[in-house]
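Here's the structure we're looking at; comments come further down.
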């Protein structure tokens, strides 16, 4: 499995890990890892430490998560991005929507 | 579809009466229907008339041997799978192999074993079923595909009408856009503005296929519709952004770059959201500037949060701007390496002649990807800074106007602080004026006059900026930052338009009077008003004087009145 999620002990935070290529082929996996969660997390953390590539449909999926998490009121952190991944996020100015670390 | 559980019709061809009878008994006992033939020729005839499902064929028969019969039966069967089992007493492996070469699917040696024959019939019947299912699905796919291709053709035809190429054929534009790029979500639009100048927009929607292409239609409609009415780049971008936000699913948006080229003032404004850096190439110094994305793509946020951060550059003739989708950067070679920005930068560094640059880029990418046939996905455009005159054959063509409409009228329109800060009044004024029958062909001139008068009133009147500031590159940038700051802090400012039109025998006179809240500029103090005027107001006033019958300043110089005389 290339995408999996792990809720924190109190269920307030959900960490999503993405391994390998983050593109349209994993959109079902990505969605189910935040839709099939019992608690309603207040914060999301996307860990891209093992993400090698990100395409524009992945940006679309991030927007879907943002929408799911409350749109403008959402709290989503993206961490451990490689330089390539970070560049794609910056070109699209996604730092205006997500906390990129 | 084949019903595997139903009775199977089996053709038994054997010249030996005893063998035929034995087989008949075994097969019938298993519940199958039997058709019999005594030689190869009869087997072929029977096959044609009875259409059995499975054929048991003796190898050595009179008139026509089993091999030949098998070939003919397979030919008649065509795409349908008719399993042929050869019956033989031959033990020679080459002869057995020949059975299969002739189109046989299996063979069975005498003496016949009832259990094995039953198992073979069952297995082949199952295979027949699978084969039929496969063919049925293949046919379905073919039909679906045909539908899809047809739908795409229709969609493409509609798309081409809406998102037509505009003025992409203008002499200062070079572009690459594959005919099917629309289904890659790439869109390239270009149009002249009523005042001259040009808008170019390159967009790249997320995803592929129809979902990606669908957003391009409202985008093109808004782009062309608003441009011809004289709306500013900011207005057009905001309208597109809100429209895309409203109609597209959350995950679909459009990375885009729009550029506003002003050939009279020799400047460009660039808005970039989500596309890779575009490059501005200076023809004289061979330097290039990379212009980075400062905005979110279109269709992500509501207009309340939409930023329209534009970058303004002074241009000289022959300077060029290059805009591209990420197709170039992500073009892969056989080793799955991406082309990337560094290679692009290298092409610019080594460029000898600006005129060859576009082809150099194209060739460099094509060479890099080699035979991987992905060059179709590349969308790129080069726009060159030229003289307005150079593009006169692509000037906007307006639809012919109505024959009746208001010809004798006057209207006043005052814009106050909040309006001056946020709105562009020109499309509305142009719209009112263009109701005059016969005036439409002059829309470009009228818009230019309005635009020049308005920007003079606003920039040199209301906020009192001096245009000399713009004479150095540094001052140029400062001018525009000062402009935004002063407008933000504006209090008690106004611009008043007073428009009136009087018909004449074959045309009319449009009087435009513009008054601003500024202090005026004491035009009467100069000995040579015309010369000092031009020095003061830059190219704008000279241009208006060229277009109008008369231009005069009134009061403290904060009122200007022009008479635009037109004849059909």
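The values are calculated or read from the model by the stated rules, or taken from the named source; none is laboratory data. Quick caveat, the model's predicted, so the values are computed rather than measured. When we count neighbours, we look across all protein chains shown, and the Cβ atoms used for this are built from the backbone with ideal geometry, even at glycine.
Brief remarks on what is shown
- Filtering segment A:45-57 to residues that are modelled with pLDDT under 90 and closer than 18 Å to residue A:32 by Cα leaves only A:57.
- Residue B:103 being crowded, with 16+ Cβ neighbours inside 10 Å, over 19 Å from residue B:23 (Cβ atoms) and touching a residue at least 40 places away in the same chain (Cβ under 8 Å): no
- One residue alone among B:298, B:357 is within 14 Å of another protein chain (Cβ to nearest Cβ), touching a residue at least 60 places away in the same chain (Cβ under 8 Å) and either buried (at least 16 other Cβ atoms within 10 Å of the Cβ) or under 24 Å from residue B:171 (Cβ atoms) (or both), and that residue is B:298.
- Among the residues of segment B:112-131, none qualifies, meaning not one is closer than 30 Å to residue B:317 by Cα and touching a helix residue (DSSP H, G or I) at 6+ places or on another chain (Cβ under 6 Å).
- Looking at segment B:164-276, the helices (runs of 4 or more DSSP H) lying wholly inside it that each contain 2 or more residues that are within 21 Å of residue B:383 (Cα to Cα) sit at B:216-228, B:233-247.
- Of the residues examined, residue B:456 is not one that is in a loop (DSSP other than H, G, I, E, B) and at pLDDT 85 or above.
- Residue count for segment A:78-92, restricted to those that are over 12 Å from the mean Cα position of the chain (by Cα), away from chain B (no Cβ under 12 Å) and part of a loop (DSSP other than H, G, I, E, B): 1.
- Residue match in segment B:241-253 (condition: within 14 Å of chain A (Cβ to nearest Cβ) and more than 24 Å from residue B:159 (Cα to Cα)): no
- Qualifying residues in segment A:53-77 (those that are over 17 Å from residue B:250 (Cβ atoms) and more than 12 Å from chain B (Cβ to nearest Cβ)) - the one nearest to the chain's Cα centre (by Cα): A:77
- Some residue of segment B:279-293 being at negative phi, assigned to a helix (DSSP H, G or I), touching a residue at least 12 places away in the same chain (Cβ under 8 Å) and buried (at least 19 other Cβ atoms within 10 Å of the Cβ): no
- Residues of segment B:44-61 that are closer than 22 Å to residue B:109 by Cβ and not in a loop (DSSP other than H, G, I, E, B): B:54, B:55, B:56, B:57, B:58.
- Scan of segment A:1-45 for residues that are in a helix (DSSP H, G or I), touching a residue at least 12 places away in the same chain (Cβ under 8 Å) and either over 20 Å from residue A:79 (Cα atoms) or out of contact with any helix residue (DSSP H, G or I) (no Cβ under 9 Å at 6 or more places or on another chain) (or both), ordered by number: A:24, A:29, A:33, A:35
- Enumeration of residues in segment B:429-438 that are surrounded by 15 or more Cβ atoms within 10 Å (Cβ to Cβ) and either assigned to a helix (DSSP H, G or I) or touching a helix residue (DSSP H, G or I) at 6+ places or on another chain (Cβ under 9 Å) (or both): B:429, B:430, B:432, B:433, B:434
- Here residue B:257 meets the list (1) touching a residue at least 60 places away in the same chain (Cβ under 8 Å); (2) within 14 Å of another protein chain (Cβ to nearest Cβ); (3) in contact with a helix residue (DSSP H, G or I) (Cβ under 8 Å, 6 or more places away or on another chain) almost entirely, failing just condition (3).
- The residue that is surrounded by the most Cβ atoms within 10 Å (Cβ to Cβ), among those in segment B:70-94 that are part of a loop (DSSP other than H, G, I, E, B) and more than 57 Å from the chain's Cα centre (by Cα), is B:90.
- Residue within segment B:62-69 that is without any contact (Cβ under 8 Å) to a residue 24 or more places away in the chain, part of a loop (DSSP other than H, G, I, E, B) and out of contact with any helix residue (DSSP H, G or I) (no Cβ under 6 Å at 6 or more places or on another chain) present: no
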